[in-house]
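So the structure is just underneath, and the comments pick up after that.
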Amino acid sequence: MPGLGTFARVAKEIRRDVHAAQERDPAARGVGSSEILAIWPGVHAVLAHRVAHALFEAGVPLLPRLIAGVARFLTGIEIHPAARIGRGLFIDHGMGVVIGETAQIGDDVTLYQGVTLGGTGFACGKRHPTVEDNVTIGSGAKLLGPITVGHGSKIGANTVVIHDVAPNSTVVGNPGHPVRIDGRRPEGPDADWAHLPDPISDAIKGLASRIAVLERALAERGVDPATIAVAAADEPEPLRAARGPNPAGG
């Protein structure tokens with residue numbers, strides 16, 4: 001059973017979580033700790049997890065999962081009791097956040113609503129992401145599999161991350177691509193989420209520009225690019241049956 005040392009540690013972590021909300025939520029500026037503790041759902045979910053995880057580590061049956069289930073019902077945030085969460089986690093709004101069993105989260109991490117730290121497949125063992133210190137993950141982002149997100153990184157809203165992320169980088173898109181802003185890597189928790197670069201859009205613009213250059217070159221030689229496009233469309237490549245295992249399993 002957990003002892004007094006365990007409860008003292010949990011109490012200290014909860015104070016750090018409340019302080020994180022005051023630091024990183026503009027709506028919490030000037031709001032007292034007791035009000036945040038009473039109203040903020042992200043703080044409620046983390047508080048419940050601190051207790052559930054301590055009981056889980058102590059080998060207490062049933063109760064940790066029961067606490068996690070009640071917290072999910074009340075806050076819309078699902079955190080497995082076995083997930084390891086560092087100090088100062090702040091979940092803003094929080095509805096729809098899912099943190100899987102083998103996920104590991106470092107210190108001073110910020111998650112927005114709809115974030116998933118999920119697994120892939122049905123294998124046992126380490127199957128959820130590891131998020132290092134000072135990482136910010138935008139709304140709706142999905143981090144899947146036993147990947148590592150490096151210290152100080154930022155994941156843009158609705159990004160799908162399936163590979164490791166280097167420290168101090170920003171990742172956007174589906175699948176996620178590392179990008180830079182104004183030639184430098186952004187620092188601090190206040191990245192401008194509305195104006196993050198879009199690498200897929202940039203690639204499409206580059207292709208469109210290249211096509212325009214080729215069409216002008218053909219026109220200079222008296223060739224109509226439209227006739228080439230029509231000829232290519234008249235000879236579609238036949239579809240081939242897909243082979244190999246079903247990626248959905250089964």
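Only one of these is part of a helix (DSSP H, G or I), modelled with pLDDT under 80 and farther than 30 Å from Val179 by Cα: Ala242, Ala232, Ala217. Name it. Don't jump to the end; show me each part of the working.
Numbers: Ala242 fails: part of a helix (DSSP H, G or I); Ala217 fails: modelled with pLDDT under 80.
Among Ala242, Ala232, Ala217, only Ala232 is part of a helix (DSSP H, G or I), modelled with pLDDT under 80 and farther than 30 Å from Val179 by Cα.
I'm trying to understand the selection: among the residues of the range 1-26, which are exposed (fewer than 13 other Cβ atoms within 10 Å of the Cβ) and modelled with pLDDT of 85 or more?
Listed by number, the list holds a single entry, Pro26.
Taking Thr136, is it touching a Ser or Thr at 6+ places or on another chain (Cβ under 9 Å), surrounded by 16 or more Cβ atoms within 10 Å (Cβ to Cβ) and in contact (Cβ under 8 Å) with a residue 60 or more places away in the chain?
no
Inside the range 84-108, can you point out the residues that are within 15 Å of the chain's Cα centre (by Cα) and small (Gly, Ala, Ser)?
Selection gives Gly94, Gly96, Gly100, Ala103, Gly106.
Considering only residues of the range 87-98 that are touching a residue at least 40 places away in the same chain (Cβ under 8 Å) and hydrophobic (A, V, I, L, M, F, W, C), which is surrounded by the most Cβ atoms within 10 Å (Cβ to Cβ)?
The selected residue is Ile91.
Could you identify the single residue in Arg65, Arg84 that is among the basic types (Lys, Arg), assigned by TED's automatic domain parsing to the domain that holds Ala27, farther than 20 Å from Thr159 by Cα and surrounded by fewer than 19 Cβ atoms within 10 Å (Cβ to Cβ)?
Working: Arg84 fails: assigned by TED's automatic domain parsing to the domain that holds Ala27.
After ruling out the rest, the residue left standing is Arg65.
Ala54 passes all but one of (1) aliphatic (A, V, I, L, M); (2) under 22 Å from Gly76 (Cβ atoms); (3) in a helix (DSSP H, G or I); which number fails?
So the condition that Ala54 fails would be (2).
Taking Asn174 as meeting all but one of (1) part of a loop (DSSP other than H, G, I, E, B); (2) within 27 Å of Ala27 (Cα to Cα); (3) under 15 Å from the mean Cα position of the chain (by Cα); (4) of a type outside the set (D, E, K, R), write down the number of the exception.
Asn174 satisfies all of (1) part of a loop (DSSP other than H, G, I, E, B); (2) within 27 Å of Ala27 (Cα to Cα); (3) under 15 Å from the mean Cα position of the chain (by Cα); (4) of a type outside the set (D, E, K, R) except (2).
Taking the range 63-112 on its own, how many of its residues are touching a His at 6+ places or on another chain (Cβ under 6 Å), closer than 26 Å to Glu23 by Cβ and either part of a loop (DSSP other than H, G, I, E, B) or basic (Lys, Arg) (or both)?
Total satisfying the criteria: 1.
Select from the range 100-118 the residues that are surrounded by 20 or more Cβ atoms within 10 Å (Cβ to Cβ) and in contact with a Pro (Cβ under 8 Å, 6 or more places away or on another chain) and write down the one among them that is farthest from Val172 (Cα to Cα).
Step by step, filter the range 100-118, then rank; the result is Ala103.
I need a count of the residues in the range 37-46 that are buried (at least 21 other Cβ atoms within 10 Å of the Cβ) and in a helix (DSSP H, G or I).
Residues in the range 37-46 being buried (at least 21 other Cβ atoms within 10 Å of the Cβ) and in a helix (DSSP H, G or I): 4 in total.
Report yes if Arg65 is modelled with pLDDT of 95 or more and over 19 Å from the mean Cα position of the chain (by Cα), otherwise no.
Against the criterion (modelled with pLDDT of 95 or more and over 19 Å from the mean Cα position of the chain (by Cα)), Arg65 qualifies.
The values are calculated or read from the model by the stated rules, or taken from the named source; none is laboratory data. Because the structure is a prediction, the values reported are computed rather than measured. Note: ideal-geometry Cβ built from the backbone for every residue, glycine included; neighbour counts use all protein chains shown.
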